[in-house]
Amino acid sequence: MLSTSKDNVPSSGVVDAFFDGECFYVVSHRLSRKVAEIEGNPNVSLCGRRMHSFSGRARSIGHPSEAKNASVRGALAKAFESWHFKHNDEPDENMCSLRIDPTTGFFHKDGTGYRVDFAAGRVEAFPFAFDTVLAED
């Protein structure tokens with residue numbers, strides 16, 4: 001889920017994001033509500049159904065087919081291989097890739113929770129039990 005806001009009113013939409021170790025990437029449409037809201041206010045939040053959440057700053061980096069975006073396009077196509085090209089109309093000149101540079105975040109793995117301050121380069125680790133029941137997996 002990607003959350004944006006306009007005039008201090010939040011809105012959220014489902015997206016698939018890929019983290020490359022430095023930032024998140026999302027494919028979107030230049031004329032979409034979320035891109036318009038990001039252009040007015042780049043502060044966004046990402047969250048997942050497994051209680052992963054990140055805040056950061058987003059910006060459009062241009063069309064996925066631009067040469068400068070080749071590695072991003074390849075990474076997204078591989079990460080979402082089974083459907084990426086079925087659901088992203090790359091011939092549409094208004095397709096765009098979004099780069100989200102995280103500032104803070106939370107995620108967990110193998111019984112450990114991690115709070116991350118990306119700006120300061122700090123990570124706090126602590127015991128964490130994911131005990132939420134998911135309806136579908």
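The values are calculated or read from the model by the stated rules, or taken from the named source; none is laboratory data. These figures come from a predicted structure and were not determined experimentally. Glycine gets a Cβ as well: all are built from the backbone with ideal geometry, and neighbour counts include every protein chain shown.
Restricting attention to segment 36-50, and to residues there that are touching a residue at least 40 places away in the same chain (Cβ under 8 Å) and surrounded by 14 or more Cβ atoms within 10 Å (Cβ to Cβ), which single residue is farthest from Val133 (Cα to Cα)? Per the criteria, the residue is Ile38.
Here Glu37 clears all of (1) outside any strand (DSSP E or B); (2) closer than 25 Å to Ser71 by Cβ; (3) in contact with a Ser or Thr (Cβ under 9 Å, 6 or more places away or on another chain) except the condition numbered (2). In segment 1-11, the qualifying residues are those that are in contact with a helix residue (DSSP H, G or I) (Cβ under 9 Å, 6 or more places away or on another chain) and more than 17 Å from Phe106 (Cα to Cα), and the one that is surrounded by the most Cβ atoms within 10 Å (Cβ to Cβ) is Thr4.
Among the residues here, Ser55 does not qualify as among the polar types (S, T, N, Q), surrounded by 15 or more Cβ atoms within 10 Å (Cβ to Cβ) and either over 30 Å from Ala129 (Cβ atoms) or at pLDDT below 90 (or both).
Among the residues of segment 91-110, those identified as in contact with a strand residue (DSSP E or B) (Cβ under 9 Å, 6 or more places away or on another chain), surrounded by fewer than 17 Cβ atoms within 10 Å (Cβ to Cβ) and charged (D, E, K, R) are Asp92, Asp101.
Where strands (runs of 3 or more DSSP E) fall wholly inside segment 50-137, the ranges with 1 or more residues that are under 19 Å from Val14 (Cβ atoms) are 53-62, 95-109.
In segment 12-31, the condition of being among the β-branched types (Val, Ile, Thr), surrounded by fewer than 15 Cβ atoms within 10 Å (Cβ to Cβ) and over 13 Å from the mean Cα position of the chain (by Cα) is met by no residue. Going by what's in this entry, would Val72 be described as crowded, with 16+ Cβ neighbours inside 10 Å, within 13 Å of Phe19 (Cα to Cα) and not basic (Lys, Arg)? Yes; evaluated as a whole, the condition is true for this residue.
One residue stands out among those in segment 12-33 that are among the aliphatic types (A, V, I, L, M) and not in a loop (DSSP other than H, G, I, E, B): the one that is modelled with the highest pLDDT, which is Val26.
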